[in-house]
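These notes are about the structure you will find just below.
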Amino acid sequence: MGIQKDSVRFNVSGRIFETTATTIANAGRNSLFGAMFDDNWDLQPNATGTTEHFIDRNSDCFAVLLDLLRIGELHVPPNIPEKLLYREALFYGLLDHVRSAKWGPFDGNKLHLSQSITGRAPGDGTAIRAGPDGGCCVAHGSMVHVYDWMLEEHPPITLDYQRVNDVIWADSKSIVISACERLGRGEGGMGLFSASTGELRYKFHVTHENQVKSYTAGALSFSSDYKLFSSCKGRSNEYGIGVWDQVTGKQIDFFYEPPGWSLGDADRLQWLHGTNCLLVATLFPRKDNCYVSLLDFRDKSMVWSWSDIGAPITDERRVRDAIAMEDTNSICVVNEYEDLGFMDLRFAAGSVRWSSRSRLMKGKMPDEPCYPKLALHEGQLFSSMNDSISVFCGPDWVLTSRLRNSYGGSICDFSIGGDRLFSLHSEENVFDIWETQPPPPIM
Amino acid sequence: MNSGQKKRNFQIEAFKHKVVVDPKYADKTWKILEHAIHEIYNHNASGLSFEELYRNAYNMVLHKFGEKLYSGLVSTMTFHLQEMSKCIEAAHGGSFLEELNVKWSDHNKALQMIRDILMYMDRTFIPSTNRTPVHELGLNLWRDNVIHSTKIKTRLLNTLLELILRERTGEVINRGLMRNIIKMLMDLGPSVYHDDFEKPFLEESADFYSAESQEFIECSDCGDYLKKAERRLNEEIERVSHYLDAKSEAQITNVVEKEMIANHMLRLVHMENSGLVKMLLDDKFEDLGRMYNLFRRVPNGLSTIRDVMTSHIRDTGKQLVTDPEKSKNPVEFVDCLLAKRDKYDKIIISAFNNDKTFQNALNSSFEYFINLNPRSPEYISLFVDDKLRKGLKGVKEEDIELILDKVMMLFRYLQEKDVFEKYYKQHLAKRLLSGKTVPDDAERSLIVKLKTECGYQFTSKLEGMFTDMKTSQDTMQGFNATYGSELGNGPTLVVQVLTTGSWPTQPSVTCNLPAEMSALCEKFRSYYLGTHTGRRLSWQTNMGTADLRATFGNGQKYELNVSTHQMCVLMLFNNADSLSYKEIEQATEIPSSDLKRCLQSLACVKGKNVLRKEPMSKDIGEDDAFSVNDKFTSKLRKVKIGTVVAQKESEPEKQETRQRVEEDRKPQIEAAIVRIMKSRRVLDHNNIIAEVTKQLQSRFLANPGEIKKRIESLIERDFLERDNADRRLYRYLA
């Protein structure tokens, strides 16, 4: 005998690797190695009768992937391009292993900058949106660039000079884009596109009195039961919030804008899972005043609303973004100096409690300021200001971390998803990817 | 490349530097893979290099030949499956299924290898082009080319159904093979299993069981039929567990239930000489249990059993309570009721799974027929009386409790609980006064049970009776302590002081006591009134007893235990040898009916006739004469002379009790009406009747006519008034 029964020899383009069946079994059934085992996870005899398996692939990458199977961690030497490693992992069927070893569960206080991607288009980006599996898409002008989690770019989506207003991931394979109506063309509205090929799958129409209308679609949001919401501006006063079924693409409801209020111009929509309501916020400078309301579509009512109409308006009191935090029954708003303010959702017609955190910004504003944006992720509140993102935690929203990358200028948008944070800078369409390190394997 | 297209003047072409690979590259690579697939299907895979094939497939996808690879796979696999299909078709008779099974497992093995080789295509090319993954593709092709081929499809189904039929008729079939084939159909998707097998299987089964049940029911009795049905049901469940999809269990059992049980339910239950009634009569627990378990599975099954059982209990119960023979002996009457109740309790517990709805049906049936006999409350009380007087001597405490619990259960069925209370009070009074209630604990325990059942009010007077007994003892001790010395050898007196109201009121019949006694009674009266001021004491001589020492002519001495009235009569003979009826009546002033009864027991009962009557006859006449029977002898020194009393009430007494009960009900009904009206203020007639009935039903069933009378009486007394607008409405006047 002499040979350990469990051992396996691989000849990868001439380099010999010797490992054990238990290590290889970590690859799982859906991999090249899975085919080497029988149903009982015993090694099957080689076709030629030898104990050596020849593989015609890059041996350096094989070494990295073999280590991944051995210890569950990914260590890529600098001489191996990441893309090459991904190709090899795809060949062996180990791509999922690589992905889960690359970064860990999201924690706003443990983020590190993993990569910066410089885009191809100059100028202001409109939006960046993180996908559910760690990919992202970037909208600017009439283009949407789509990247998968390996940050490989897919064919971009071009909307023939219609301005993109918002983008949202429907699932890891498709995205919904809302666009401006083009005068005289009857186009615009919204469409669902394939993330991998950029093909248009279907459009979402607005019908008003049984007629299909052209409209401008603004902010987007999904509910947990696959309903899609969008702020809409039609030609003949069809202003309001449209509701579609994501699966069929059919319009199922429309909430018309009540007089003296603004819904169709909304900057932000947010679905509240706990109360089954939709937050709609229309903000300065799109309108002169700010309108924040909660809509209940079951009985078509506005269950909560707040506006700064009639209040003395100063820059410190002007709301630039709003986000609902269901855990604390409140809405967080931010002004252009990154002061946070809070409103209680349980009482209608309340006022904003500003927590005057810092006025230091005043007078130190950069030439091209980007106004603050807010995001919430599992009890952590994120706010972007100029070239950095602040992380607030705890019941009193204490500043706990600040993310900053010196390159790229002010941050015009950011998004959290797939355990990653993406931030889009206003200059040169640079975007950063922030990740949390994977936790060490349990000893 | 673009020859003939050069009509345009010029064309800007993208800068291409196409790497020209071997133009035959794709074909060559595909040939290798195709060859490998052939070899795999021909069981020749050991010579193949997995790594090389995997790499070739990878390269084809990488170089955009995924389409060619995929379509090649489809056509090659289709080719092999059609070959297999031919082999299977050619198989003879019994080897058909085996051949199919062998080929299926071959195909599965091949499919696994092919999928391994084409894994890269499965991962990249197939999702991005929305095609069917290799494994699923292999199953679909197998389905279309083999299972759905015209020559196999019906043959397969018929073979499977025939095997199942053979198994049903008792043959042994190859279950392993069946399991593999059915498993294959399941692997091909739920719709294949359902359409190609399950649906026809269920239809066939329905036909089979419909015919079989018809045959069974013609030639078996109910018990045997149920046994057969149960066995069939278990067989089908077993079949599912052996080789069918677990989801089919509910459906096939449904078929058996419907065909074998639901369709014949009524006929089974009413089968003469073996149906449900017969089983109940004969206590066939096993058969009843089987019927319950089978009928439970079908809609309305249990209610059918329940209805038949209920009407049977009601019928037999009605017979029982209206049988004049049984009514003669109250104890036997109640014993019969208890026995009946025990019988059905046992049936419900052991055969009907202690089903709540059955218990309820049993209770309502008992309630129905017990109240058919208006004397049931009296009989139950008499039963208790009997048990507590003598029946419980030497019985263990737990058994006493058991009997009392059973009595309580019967009590619960009574609608006229107040009638029971009346009788119970009378009987209890007799027991207490005669000192015959031996197990005091049992008495008290029953009172506690009544109290929990009907509330404090129901038993407060009964408890008062016990208290009176206790107080009387103390009073007598006090009396004897005070006067004991001066009484000396004279007669002793025991007095029980009874609170008026707590005890069943008897018309106070006075009689002339013998001089010695009345002197003694006076002493007690002065003693008692001396210690308790403001009370009135009246003598209930009709309820007392006395012990006399008598010496007869022949010198024989006896101790006679007699009632107070009898004592009065006998004491007269201390001073006279012979007395006429009239003389006795004059001397004692005992009402004539009582006196006659008393004399009857003294003179006419054989063996206890301490008096002699002239003329000798059974009945007492006004002109009769009495003298001491000198020839009286008895084996015992102590002779108890009973009073001739009907244990059961006589007809006029019954009427009287009834009347008293009705009288007592009036204030209760009025109180209920006032309580209800006080809270409702305004109510219409029907609702008042309903609410009053509901409030009082724990005590008795109020008669609507009586309620109406009470309302009218209350209106007269200005408690209520009729509404002016709507005459049906009553208004409460505060």
| remark: For the range B:469-498, the count of residues that are closer than 21 Å to B:THR541 by Cα and not in a helix (DSSP H, G or I) equals 9
| note | Within the range B:91-112, of all residues that are open to solvent by 60 Å² or more (accessible area, probe 1.4 Å) and modelled with pLDDT of 90 or more, the one farthest from the other protein chains (Cβ to nearest Cβ) is B:GLU98
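Within the range A:309-348, which residues are part of a strand (DSSP E or B), out of contact with any Cys (no Cβ under 9 Å at 6 or more places or on another chain) and touching a residue at least 24 places away in the same chain (Cβ under 8 Å)? Break it down stepwise before answering.
Keep residues of the range A:309-348 that are part of a strand (DSSP E or B), which gives A:321-325, A:330-334, A:340-344.
Then keep just the ones that are out of contact with any Cys (no Cβ under 9 Å at 6 or more places or on another chain); that gives A:330-332, A:334, A:344.
Scanning the range A:309-348 gives A:ILE331, A:CYS332, A:VAL334.
Right, A:LEU220: assigned to a strand (DSSP E or B) and over 24 Å from A:PRO259 (Cα atoms) or not?
For A:LEU220, the condition - assigned to a strand (DSSP E or B) and over 24 Å from A:PRO259 (Cα atoms) - is not met.
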| Matching residues in the range B:530-574 - criterion: being part of a loop (DSSP other than H, G, I, E, B) and touching a helix residue (DSSP H, G or I) at 6+ places or on another chain (Cβ under 8 Å) | B:ARG535, B:LEU537, B:TRP539, B:GLY544
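Which is surrounded by 15 or more Cβ atoms within 10 Å (Cβ to Cβ) and of a type in the set (Ser, Thr, Tyr), of B:SER241, B:SER191, B:SER205?
B:SER205
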| message | Can you find a residue that is surrounded by fewer than 21 Cβ atoms within 10 Å (Cβ to Cβ) and at positive phi anywhere in the range A:99-111? | response | no
| request: Return yes or no: is B:THR78 within 22 Å of B:ALA45 (Cβ to Cβ), in contact (Cβ under 8 Å) with a residue 40 or more places away in the chain, in a helix (DSSP H, G or I) and away from chain A (no Cβ under 14 Å)? | output: yes
| message | Please go through the range B:113-130 and give me each residue that is over 13 Å from B:ARG55 (Cα atoms), facing chain A (nearest Cβ under 9 Å) and touching a residue at least 40 places away in the same chain (Cβ under 8 Å), ordered by number. | response | B:MET113, B:THR124
| request: Provide a single number: the residues in the range B:565-614 that are at positive phi and either over 53 Å from the mean Cα position of the chain (by Cα) or open to solvent by 50 Å² or more (accessible area, probe 1.4 Å) (or both). | output: 1
| field | B:ALA26 being in contact (Cβ under 8 Å) with a residue 24 or more places away in the chain, more than 21 Å from B:VAL146 (Cα to Cα), within 14 Å of another protein chain (Cβ to nearest Cβ) and aliphatic (A, V, I, L, M) | value | no
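May I ask you to verify whether B:PRO374 is at pLDDT below 90 and surrounded by fewer than 17 Cβ atoms within 10 Å (Cβ to Cβ)?
Values: at pLDDT below 90: yes; surrounded by fewer than 17 Cβ atoms within 10 Å (Cβ to Cβ): yes.
Answer is yes for this residue.
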| said: For the range A:237-272, give me the residue count where each residue is part of a loop (DSSP other than H, G, I, E, B), farther than 28 Å from A:GLU378 by Cα and open to solvent by less than 40 Å² (accessible area, probe 1.4 Å). | reply: 5
| note | Here the residues within the range A:205-217 that are assigned to a loop (DSSP other than H, G, I, E, B), surrounded by 14 or more Cβ atoms within 10 Å (Cβ to Cβ) and not polar (S, T, N, Q) are A:HIS205
| the range A:273-305, residues that are within 23 Å of the chain's Cα centre (by Cα) and either among the acidic types (Asp, Glu) or in a strand (DSSP E or B) (or both) | A:CYS277, A:LEU278, A:LEU279, A:VAL280, A:ALA281, A:THR282
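Condition first: open to solvent by less than 60 Å² (accessible area, probe 1.4 Å) and either over 18 Å from B:GLU34 (Cβ atoms) or hydroxyl-bearing (Ser, Thr, Tyr) (or both). Now tell me which residues in the range B:81-90 satisfy that.
Start the filter on the range B:81-90 by keeping residues that are open to solvent by less than 60 Å² (accessible area, probe 1.4 Å), which leaves B:81, B:84-85, B:88-89.
Hits for the range B:81-90 are B:SER85, B:ILE88, B:GLU89.
Determine if the range B:429-444 includes at least one residue that is at pLDDT 85 or above, open to solvent by 20 Å² or more (accessible area, probe 1.4 Å) and not aromatic (Phe, Trp, Tyr). Talk me through it step by step, then tell me what you get.
Taking the range B:429-444 first, the residues at pLDDT 85 or above are none.
Looking for residues that are at pLDDT 85 or above, open to solvent by 20 Å² or more (accessible area, probe 1.4 Å) and not aromatic (Phe, Trp, Tyr), one finds none in the range B:429-444, hence no.
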| task | Need at least 1 residues that are more than 20 Å from A:THR328 (Cα to Cα) and open to solvent by 70 Å² or more (accessible area, probe 1.4 Å) per element, so show me which strands (runs of 3 or more DSSP E) inside the range A:366-443 make the cut, counting only ones lying wholly within it. | result | A:398-404
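Would it be correct to say that A:THR400 is of a type in the set (Val, Ile, Thr), at pLDDT 90 or above and farther than 27 Å from A:HIS75 by Cα? Before the answer, list the steps.
Values: of a type in the set (Val, Ile, Thr): yes; at pLDDT 90 or above: yes; farther than 27 Å from A:HIS75 by Cα: yes.
For A:THR400, the condition - of a type in the set (Val, Ile, Thr), at pLDDT 90 or above and farther than 27 Å from A:HIS75 by Cα - is met.
Need at least 1 residues that are closer than 22 Å to B:ARG239 by Cα per element, so show me which helices (runs of 4 or more DSSP H) inside the range B:89-192 make the cut, counting only ones lying wholly within it. If you could, list the steps in order and put the result at the bottom.
Values: elements: B:95-117, B:119-123, B:125-128, B:134-142, B:150-168, B:175-187.
Once the helices (runs of 4 or more DSSP H) in the range B:89-192 are filtered for at least 1 residues that are closer than 22 Å to B:ARG239 by Cα, what remains is B:95-117, B:150-168, B:175-187.
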| field | Subset tally (residues that are touching a residue at least 24 places away in the same chain (Cβ under 8 Å) and open to solvent by less than 40 Å² (accessible area, probe 1.4 Å)) for the range A:69-95 | value | 10
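Filtering the range B:208-220 down to residues that are of a type outside the set (Gly, Ala, Ser) and open to solvent by less than 70 Å² (accessible area, probe 1.4 Å), which residue is nearest to the chain's Cα centre (by Cα)? Quick ask: steps written out before the conclusion?
As a first pass, look at the range B:208-220 and keep what is of a type outside the set (Gly, Ala, Ser): B:208-209, B:212, B:214-219.
Retained after the next criterion (residues that are open to solvent by less than 70 Å² (accessible area, probe 1.4 Å)): B:208-209, B:212, B:216-217.
On the way: B:PHE208: 37, B:TYR209: 33, B:GLU212: 34, B:PHE216: 32, B:ILE217: 30 Å.
If we take residues in the range B:208-220 being of a type outside the set (Gly, Ala, Ser) and open to solvent by less than 70 Å² (accessible area, probe 1.4 Å), then B:ILE217 is nearest to the chain's Cα centre (by Cα).
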| query | Taking B:VAL146, is it more than 14 Å from chain A (Cβ to nearest Cβ) and crowded, with 21+ Cβ neighbours inside 10 Å? | reply | yes
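Table: residues versus (1) assigned to a strand (DSSP E or B); (2) open to solvent by less than 50 Å² (accessible area, probe 1.4 Å); (3) among the hydrophobic types (A, V, I, L, M, F, W, C); (4) in contact (Cβ under 8 Å) with a residue 24 or more places away in the chain.
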| residue | (1), (2), (3), (4) |
| --- | --- |
| A:PRO132 | no, no, no, yes |
| A:HIS145 | yes, yes, no, yes |
| A:GLN162 | no, yes, no, yes |
| A:VAL167 | yes, yes, yes, yes |
| A:GLU187 | no, no, no, yes |
| A:GLY191 | yes, yes, no, no |
| A:LYS203 | yes, no, no, yes |
| Residues within the range B:168-181 that are within 44 Å of the chain's Cα centre (by Cα) and open to solvent by less than 30 Å² (accessible area, probe 1.4 Å), tallied | 1
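Quick one: would you say B:SER3 is open to solvent by 40 Å² or more (accessible area, probe 1.4 Å), modelled with pLDDT under 85 and not in a loop (DSSP other than H, G, I, E, B)? Before the answer, list the steps.
Values: open to solvent by 40 Å² or more (accessible area, probe 1.4 Å): yes; modelled with pLDDT under 85: yes; not in a loop (DSSP other than H, G, I, E, B): no.
So B:SER3 fails the test.
The values are calculated or read from the model by the stated rules, or taken from the named source; none is laboratory data. Here the structure is a predicted model, which means the values were calculated and not measured. A quick note on method: Cβ atoms are made from the backbone with ideal geometry, for glycine too, and the neighbour counts reach across all protein chains shown. Accessible surface areas use protein heavy atoms only, side chains included; no ligands, DNA or RNA. Shrake-Rupley method; radii C 1.70, N 1.55, O 1.52, S 1.80 Å.
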